[in-house]
2 protein chains.
Amino acid sequence: MYRTHTNGELRIGDTGKEVVLSGWVQSGRDFGGLTFVDLRDRYGITQLVFSMDENPELCSLARTLGREYVVRVTGIVRERSNKNPNRATGDIEIDVREMTILNASKTPPFTIENESDGGDDIRMKYRYLDIRRDPVKENIIFRSKCGIETRKYLDGQGFIEIETPFLIKSTPEGARDFVVPSRMNPGQFYALPQSPQTFKQLLMVAGMDKYFQIVKCFRDEDLRADRQPEFTQIDCEMAFITREDILNTFEGLTKHLFKSLLDVELGDFPRMSYDEALEKFGSDKPDLRFDMQFTYLTDIAKGRDFSVFDTAETIVGICAQGQADNMSNKDIKTLTEWMQRPQIGAKGVIYVKFEHDGTIRSSVGKFFDDAALLEWKARFGAQDGDVLFVLAGETEKTRKQLSELRLEMGRRMGLMKPGEFKPLWVLDFPLLEWDEEAQRFFAMHHPFTSPKKEYVDQMKSGDFETLKRLKADAYDLVINGNEIGGGSIRIHDRDLQSKNFDLLGFTKEEAQEQFGFLMGAFEFGAPPHGGIAFGFDRLCAVMNNQTSIRDFIAFPKNNQGRDVMIDAPSKIDDAQLDELHLRLKG
Amino acid sequence: MYRTHTNGELRIGDTGKEVVLSGWVQSGRDFGGLTFVDLRDRYGITQLVFSMDENPELCSLARTLGREYVVRVTGIVRERSNKNPNRATGDIEIDVREMTILNASKTPPFTIENESDGGDDIRMKYRYLDIRRDPVKENIIFRSKCGIETRKYLDGQGFIEIETPFLIKSTPEGARDFVVPSRMNPGQFYALPQSPQTFKQLLMVAGMDKYFQIVKCFRDEDLRADRQPEFTQIDCEMAFITREDILNTFEGLTKHLFKSLLDVELGDFPRMSYDEALEKFGSDKPDLRFDMQFTYLTDIAKGRDFSVFDTAETIVGICAQGQADNMSNKDIKTLTEWMQRPQIGAKGVIYVKFEHDGTIRSSVGKFFDDAALLEWKARFGAQDGDVLFVLAGETEKTRKQLSELRLEMGRRMGLMKPGEFKPLWVLDFPLLEWDEEAQRFFAMHHPFTSPKKEYVDQMKSGDFETLKRLKADAYDLVINGNEIGGGSIRIHDRDLQSKNFDLLGFTKEEAQEQFGFLMGAFEFGAPPHGGIAFGFDRLCAVMNNQTSIRDFIAFPKNNQGRDVMIDAPSKIDDAQLDELHLRLKG
């Protein structure tokens, strides 16, 4: 037997018991005739004591232990004289009578402590040591609990978990597929699913009217920061439902997860249209932990011979309350330079500072007298002590830039409080996005998304400008400015689906070859249906106020898509390539 | 709103309520002025009634409905005059007031009924229709429940569900890998996991001492009947445990699943060594629903000038109780021919029939007089009315053949009762298997399996014959002759693991290249650990007395590894190949 208790379990009430513990040596220290060893496992740390007077042989053995050695001890629980109130087991220690070294350890390349001295690369290479550290360990345990609670809730709502296949068919629409050569079907390939989208729709046709799955998905994208080639979705679909049913069900799931895992009560989620979100926040995933809505000056700021404004489609700004004293000219200059970086690309930032003494300082004093600036002040509802930041230019671009500025000011002003959670449903996304470069429409959500009912006729017969304005029955759940999930009511009519493929530039043959099975299924009694998918990694990170998903994944890949621990991907031998009917190029 | 109730929900107590139902038209029939429609969803069937007298327009519309049309109706629940006791909703019907046809349906290619007229191929092509049928639907719902209960039990035992990666590294040991070319790492490939074996062991090194996952695994094998290229495992690993802990934990899981899903109480599972199982049943997965153990005659049946016996290593038989009257000479001839098929390859089957009147009939009367055969009878403990079947030859082969005969007799004699469940732990498998053809050892379980403690020294220094006799700390769970799962205590010592790779014919360089990360991890404090994996598809099938796993998988592949519904695998375009730095061969 390796243990009677874990290292997080013993309390003062266990005093006098003989126990067996196993774990890793966190640290050891010698005080005169005594040796103290902190023994760790995933449940906690327990202090072991060895006495040179009472058992010199055992105590000498204890003094040979290095960090991360694995030992099993038998001993008696006793009260500590010097209690540690910061540790659950801090009232007791183990008077060790026997010890077996189960395995030795080399000195680990970084310390197994909350604040590690290991950089990212070394942490990833020795991920099995990194996971021993509390912050990573806690994340992984949280993720497990989140999965359990998700299933509990959905099971309680009558959802069936159904596994969909991983070896499916490659489709050029959307992101790039990972493919898998078939040995038994020479020259042919499977693809790994980017999502179970078509399968879950087929399950609706199959009558399994409440489906879910917590499932791995795959995208062969150039990895930006915090993207992983394989990621996990809570994937759901329902039949015989309206949008309202879906929003309610998954608002319920979200509330359940926050309540059961964090003891946080989320109120009812506000809703906002995509158009409104862009107008007020310049983003389809606004962070509502702070207000700082956009205020438009286009109508009153033009015609002052300030060419930046006069040539602009939109003049729009935000009000940073109480920041007049906090932001020096140098701060504003730094902020402007931050906005001018290519990632954001603002030409400049105009500011108006309303000092507490009534003085107005601004970068556009040459063009706007105090009277004009007071008119701005009124429109913003600003007070003395506030600073306005104003951008001008093409509407879409300017809003996006101002959104970045808003978030940056939120960060600087401490308005994005960790532990505060502001969910939001964003509704009524556009159905189609025009791509200037490719000179074609793309589906904003995906090609199976239904237009809102009132747009169906326009979709069938609309001209180019009408098509650009079609609204989809699509929705996103946003929390604290992060897209947690998205979904839509789907098309369930063969002709409408076919029309959508037309609009997306598929020939009839292409549509048939790639999605014929789905359109075929629609001919055999497809029910109205819709669904949603939550990014599971992201949800876990947001619930824990963390910006990176990486430490919620046990074995993540780096930005080159490599697992540096196992050193994958790697070469395979020629015989394997031969069997797959493949050759390397060049 | 599409429905207030499902089609399995309404009872006599709901009489008078106005309800909205949606579903598929199962069937319709007209009786004079009335039209009856059975409306189906996954919850059941409800009878709708339309009256030509009361609402001719609506009734006429109902008469246009075809099978599998999707409709929504509003109506009043009323008591049926002609109740159907075989249906949960059989006491009521719906007096329909409004109806919307939500979608039409072409006539399905097979009937949506329990006994379908669709062959396997057509069922697979239209799987979304096949799943509407009760038998398939119930299997898939059962599977979902089995997953829920598995997680409930393991979560209750403190297990953490941790997702391991799908894009890993190819290793030539074991079955063939599916590989995934890496676009970002030219000429390199990921592999899809055959199991999360090394990752779960790394999680033990990482301190996550109770891991589980219900996870897809992949094997690119030539598909025999009832094998799938992707399949699902309940995958588990524990640290600081002995074999006893693992057997108890997963015996507990199995009992929980049978109790919660089938209301079957399984008693404590018997245990048997691998050697004993082979000796008594000729199989490492004996079906214990019936006894019919092997009886050996080698010592008493040689030396009678019957060359078949005299040259045999082993002479062994079974006793088919009470079959003397049931088996004609023709039956025995047919059975012998069945045993002589190449799949089994017996040279012949010797029988001895003990008639009720004391007569003995046998195929070896020329060599064995009644006195000799009565000696056989005594050894078998046979009675008048029994038949003995005896095989002779090389021990291993003969046992295997006799095992087939035992199972066949079990089937013929109705001894494999559906609904009866006989679990068994098979223990102490050999560590190594010698492959004559390859002239090397293979790991019987896998290369990470530990020898039993008492064999470690022999493993380190043993000669060829000793190595062949090494026992592993490996175990299988068998139910009704099906291998449900298997596992082992793992090696956690770098040197012993390295020695095992030596024995398996790996050079130091190969071992380092393929498994260096694991052996490296063993140097940083690897705890003693072990685990098990259950075949989830098989478990579901066995619990439901079904022989095929295919109908427990929503979208299975055929024997050529094809998904005939979506038509995968398929060709990919040249641009995609280019990006992956690949060319097709030939």
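The values are calculated or read from the model by the stated rules, or taken from the named source; none is laboratory data. All values reported here derive from a predicted model rather than from experimental measurement. Here the Cβ is made from the backbone with ideal geometry for all residues, glycine too, and neighbour counts use every protein chain on show.
Filtered by the rule that a residue be more than 30 Å from A:Leu405 (Cβ to Cβ) and among the polar types (S, T, N, Q), the stretch A:244-286 gives A:Asn248, A:Thr249, A:Ser260.
On the stretch given as the stretch B:497-519, residues that are within 33 Å of the chain's Cα centre (by Cα) and either within 20 Å of B:Ile241 (Cα to Cα) or within 11 Å of chain A (Cβ to nearest Cβ) (or both) total 5. In the stretch A:532-578, what residues are surrounded by fewer than 23 Cβ atoms within 10 Å (Cβ to Cβ), touching a Leu at 6+ places or on another chain (Cβ under 8 Å) and under 18 Å from A:Asp287 (Cα atoms)? Within the stretch A:532-578, just A:Met543 meets the criteria. The single residue among A:Arg67, A:Arg97 that is of a type in the set (Lys, Arg) and assigned to a strand (DSSP E or B) turns out to be A:Arg97.
Grab the helices (runs of 4 or more DSSP H) fully contained in the stretch B:108-211, keeping just those with 2 or more residues being modelled with pLDDT of 95 or more and within 7 Å of another protein chain (Cβ to nearest Cβ). By residue number, B:127-130, B:134-156, B:197-205. For the stretch A:232-247, a residue qualifies if it is under 28 Å from A:Val564 (Cβ atoms) and more than 10 Å from chain B (Cβ to nearest Cβ), and exactly one does: A:Gln233.
Checked against the criterion of being touching a Ser or Thr at 6+ places or on another chain (Cβ under 6 Å), surrounded by fewer than 19 Cβ atoms within 10 Å (Cβ to Cβ) and away from chain A (no Cβ under 14 Å), the candidates B:Arg97, B:Arg80 yield just one match: B:Arg97.
When B:Asp502, B:Asp495, B:Asp473 are screened for being under 25 Å from B:Glu523 (Cα atoms) and buried (at least 19 other Cβ atoms within 10 Å of the Cβ), only B:Asp473 passes. Take A:Met565 and tell me if it is away from chain B (no Cβ under 11 Å) and not β-branched (Val, Ile, Thr). No; evaluated as a whole, the condition is false for this residue.
Restricting the search to the stretch B:406-434, which residues are of a type outside the set (D, E, K, R), crowded, with 17+ Cβ neighbours inside 10 Å and outside any loop (DSSP other than H, G, I, E, B)? Listed by number, the residues that qualify are B:Leu407, B:Met409, B:Gly410, B:Pro423, B:Leu424, B:Trp425, B:Val426, B:Leu427, B:Pro430, B:Leu432. Annotation note: of A:Asn558, A:Asn480, the sole residue that is in contact with a helix residue (DSSP H, G or I) (Cβ under 7 Å, 6 or more places away or on another chain) and on the phi > 0 side of the Ramachandran plot is A:Asn480. You will find that of B:Glu276, B:Glu221, the residue that is out of contact with any His (no Cβ under 8 Å at 6 or more places or on another chain) and either more than 14 Å from chain A (Cβ to nearest Cβ) or assigned to a helix (DSSP H, G or I) (or both) is B:Glu276 and no other. Answer yes or no as to whether B:Asp121 is surrounded by fewer than 19 Cβ atoms within 10 Å (Cβ to Cβ) and touching a Lys or Arg at 6+ places or on another chain (Cβ under 6 Å). No; evaluated as a whole, the condition is false for this residue. Would you confirm whether any residue within the stretch A:520-533 is hydrophobic (A, V, I, L, M, F, W, C), outside any loop (DSSP other than H, G, I, E, B), closer than 27 Å to B:Arg72 by Cβ and facing chain B (nearest Cβ under 9 Å)? Checked the stretch A:520-533: at least one residue is hydrophobic (A, V, I, L, M, F, W, C), outside any loop (DSSP other than H, G, I, E, B), closer than 27 Å to B:Arg72 by Cβ and facing chain B (nearest Cβ under 9 Å). Of all residues in the stretch B:457-469 being surrounded by fewer than 20 Cβ atoms within 10 Å (Cβ to Cβ), within 13 Å of B:Pro430 (Cα to Cα) and in contact (Cβ under 8 Å) with a residue 24 or more places away in the chain, which is farthest from the chain's Cα centre (by Cα)? Taking the candidates together, the pick is B:Leu467. If you filter the stretch B:224-233 down to residues that are assigned to a strand (DSSP E or B) and not acidic (Asp, Glu), you find that the one that is farthest from B:Gly487 (Cα to Cα) is B:Phe231. Listed conditions (1) more than 18 Å from the chain's Cα centre (by Cα); (2) among the charged types (D, E, K, R); (3) surrounded by fewer than 22 Cβ atoms within 10 Å (Cβ to Cβ); (4) in a helix (DSSP H, G or I) are all met by A:Glu265, apart from (4). Exactly one of (1) touching a helix residue (DSSP H, G or I) at 6+ places or on another chain (Cβ under 9 Å); (2) buried (at least 16 other Cβ atoms within 10 Å of the Cβ); (3) modelled with pLDDT under 95; (4) not aromatic (Phe, Trp, Tyr) is unmet by A:Ala239. Its number? Exception for A:Ala239: condition (3). Evaluated against (1) more than 9 Å from chain A (Cβ to nearest Cβ); (2) assigned to a loop (DSSP other than H, G, I, E, B), B:Asp537 falls short on exactly one condition, (2).
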